[in-house]
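Q: Below you'll find the structure I mean.
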Amino acid sequence: MAKKVKEEVAPKTVLRSEEADLAVENRLIALYRLQQICSQIDKIRIIRGELPLEVQDLEDETEGLLTRIGKIKAEIQASQEGIAERKIQMQECDALINRYSDQQNNVRNNREYESLAKEIEFQELEKQLCEKKIRDFNAHIDSYNAEIEKYQEIYEEKLADLEQ
């Protein structure tokens with residue numbers, strides 16, 4: 001009987017050690033999978049943690065671009081007002097030139113005539129200066145419009161990024 005007991009004990013211990021080996025192997029596989037899942041969760045948390053900052057940066061950039069566009073539009077408005085003022089000033093110069101020319105026809109001496117001639121010349125120079133400033137204002141308006149187009153494109157790109 002003693003032999004019988006030994007034979008029965010030996011197969012059970014082999015089964016138990018195989019079962020233990022399988023259990024350890026399954027545990028190691030489960031632990032490895034758990035570590036992979038934890039790593040993926042950490043990556044998601046890192047990305048999620050940076051995302052609000054990126055969104056805030058994009059919002060700040062879009063607000064800054066809108067502010068720049070607004071300032072440039074104000075500059076365009078100021079330039080247009082400057083053009084209008086110069087046109088009015090040119091009309092005043094034309095009126096003065098006509099008045100001085102009429103007065104030149106009714107002068108009594110050379111001194112009056114020369115004085116009126118200098119005033120006419122001065123008004124013509126003022127008129128030329130106004131024309132030059134109008135050209136400068138128009139050049140500024142063109143450059144401002146180009147800047148607005150550039151900033152508008154950048155704004156639309158940032159807005160698309162923000163929506164994503």
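Q: How long is the stretch 107-159 along each principal axis, judged by its Cα atoms, biggest number first, in Å?
A: 74, 10, 8
Q: Net charge near residue 115, counting Lys/Arg +1 and Asp/Glu -1 over other residues with Cβ under 13 Å of its Cβ?
A: In short, -1.
Q: Here's a follow-up. Under 15 Å between C-alpha atoms is the cut-off here; go through the chain and count lysine pairs that meet it, provided they're at least eight residues apart or on different chains.
A: 9
Q: Using the basic label-point model (7 angstrom from Cα toward the beta carbon), what is the residue 149 to residue 59 distance in nanometres?
A: About 3.3 nm separates the two model spin labels.
Q: Could I ask something else about it? Taking N as the number of residues in the chain, what value does Rg over Cα atoms divided by 2.2 N^0.38 Å take?
A: For the chain, the normalised Cα radius of gyration comes out at 2.90.
Q: Quick one: if you stick a label point 7 Å off each Cα along the C-beta vector at residue 133 and residue 78, how many nm between them?
A: 1.4 nm
Q: Just the number, please: carbon plus sulfur as a percent of the accessible area of the chain, 1.4 Å probe, no ligands or DNA/RNA counted. Intermediate values should be presented prior to the final figure.
A: Working: 7020 of 13430 Å².
Here it works out to 52 percent.
The values are calculated or read from the model by the stated rules, or taken from the named source; none is laboratory data. Quick caveat, the model's predicted, so the values are computed rather than measured. Cβ coordinates were reconstructed from backbone atoms using ideal geometry, including for glycine residues, and neighbour counts include every protein chain displayed. These accessible areas exclude ligands, DNA and RNA; they are computed on the full protein's heavy atoms, side chains included. Shrake-Rupley method; radii C 1.70, N 1.55, O 1.52, S 1.80 Å.
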